[in-house]
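Written out below as structure tokens is the structure these notes cover.
Please treat every number below as a calculation from the coordinates, not as lab data. This is a predicted model, so every value here is computed, not measured. Positions of Cβ are generated from backbone atoms using ideal geometry, with glycine treated the same way; all protein chains shown enter the neighbour counts.
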Amino acid sequence: IGVGLVGFGLFFLLFGVLLYFDSVLLGFGNILFLSGLVFIIGFRRTFTFFFQRPKLKGTSFFFGGVLVVLMRWPILGMLLEAYGFISLFR
């Protein structure tokens, strides 16, 4: 179930970008991706991964970007998410 959710999340993110940053598709893709991640590695591991002290800056940018996308500012939100993603997996 988790791999399918992550796959659909990535598909909706890609499709949202291809359709000129459609905020509904991007938001749905973000939600599916994060829920799939929880199904794959578990809630506790996901929580401890995102909320470690050295990764807190990247987490705040990533979740802030998700929130901005859900508030219908898709380009700014995707830029914030990209910076947070790079900062998280550095």
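Structure data summary
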read-out	value
Cα-centred dipole magnitude for the chain, charges only on beta-carbon of K, R (+1) and D, E (-1), debye, nearest 20	440
Efficiency of FRET between residue 82 and residue 53 - r from beta-carbon atoms, R0 22 angstrom, step 0.05	0.50
Computed helical MRE - 222 nm, the chain, DSSP H runs ≥ 4 contributing -39500 (n - 2.57), nearest 500	-27000 deg cm²/dmol
Computed over the chain, Cα set: Rg, Dmax in Å	12.6, 36
Length-normalised contact order of the chain in % [C-alpha pairs under 8 Å, at least 6 apart]	27
Cubic angstrom per residue, convex hull over Cα atoms of the range 1-50	58
